[in-house]
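Have a look at the structure below before the remarks.
The values are calculated or read from the model by the stated rules, or taken from the named source; none is laboratory data. Everything numeric in this text was worked out from a predicted model, so none of it was measured. Glycine also receives a Cβ, built like all others from the backbone with ideal geometry; neighbour counts cover every protein chain displayed. Remember, those area values only see protein heavy atoms, side chains included, never the ligands or the DNA or RNA. Shrake-Rupley method; radii C 1.70, N 1.55, O 1.52, S 1.80 Å.
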Amino acid sequence: MKLQKLALATLAATLMATMPSCSHRIERVDVQETIDLSGKWNDTDSRQVAEAMVEQVLSASWISEYNRTHSNKKPVVIVGLVYNKTSEHIDANTFIKDVEKAFISSGKVRVVQADEKREALRQERAAQQNYASVETAKKWGKELGADYMLQGDISSIVDQYKKEKVVYYQTSLELSDLESNEVVWIGDKKIKKYIKN
């Protein structure tokens, strides 16, 4: 009986010693570092595509034409909806923020808020009419109207065979004149990822 207990104890100790550790490790990394664990659309894709697309749109002829006809004023742009047409969950709002940031960083255009954030600003302005001093309450009718709206979509094509997969992403954006509805620029950025398991 003692020998049987000793054998079980030895077996249990051996199993515990040979089992992999279940420890969990977290490490802080630079946000600019490219880490692609799943092969799906990620933060690096969002940032790089946004920067490339803004560089494309700002080097197109529409901006020099606008500057020429508007005494070198900066055009006002609103970033509208960017639809996720992929089969993945992609937070389009992150991409929209990356585009807005790239626009503002360029210094070539002015950016105004869209949709919900614009409504929140209007609610605050309305509240100021009742609760802020007359000297500090912000006036109605002073909003900066957008000249152009940028909209588009992110789509993908997946080609898979056994444990190999290629995912092709295409982000397509269009810039439209808000007064005339004229499309003044169309651009796209493509990414292709090869994944082997």
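Within the range 167-181, the set of residues being of a type in the set (Gly, Ala, Ser) and in a strand (DSSP E or B) comprises SER172, SER176. Restricting attention to the range 153-197, the residues that are open to solvent by less than 30 Å² (accessible area, probe 1.4 Å), polar (S, T, N, Q) and more than 20 Å from THR44 (Cα to Cα) total 1. Residues that are under 20 Å from TYR66 (Cα atoms) and in contact with a strand residue (DSSP E or B) (Cβ under 6 Å, 6 or more places away or on another chain) within the range 100-146 comprise GLU100, PHE103, ILE104, VAL109, ARG110, VAL111, VAL112, LEU144, ALA146, listed in sequence order. Once the range 22-46 is narrowed to residues that are open to solvent by 100 Å² or more (accessible area, probe 1.4 Å) and of a type in the set (A, V, I, L, M), the residue that is modelled with the lowest pLDDT is VAL31.
The rows are residues; the columns are (1) within 24 Å of VAL49 (Cβ to Cβ); (2) open to solvent by less than 70 Å² (accessible area, probe 1.4 Å); (3) in a helix (DSSP H, G or I).
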position	(1), (2), (3)
GLY80	yes, yes, no
TYR83	yes, no, no
LYS117	yes, no, yes
GLN129	no, no, yes
GLU135	no, no, no
LYS138	no, no, no
GLN151	yes, no, no
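Working carefully through the options LYS101, LYS73, find the one that is open to solvent by 70 Å² or more (accessible area, probe 1.4 Å), assigned to a helix (DSSP H, G or I) and more than 16 Å from MET149 (Cβ to Cβ). Result of the check over LYS101, LYS73: LYS101.
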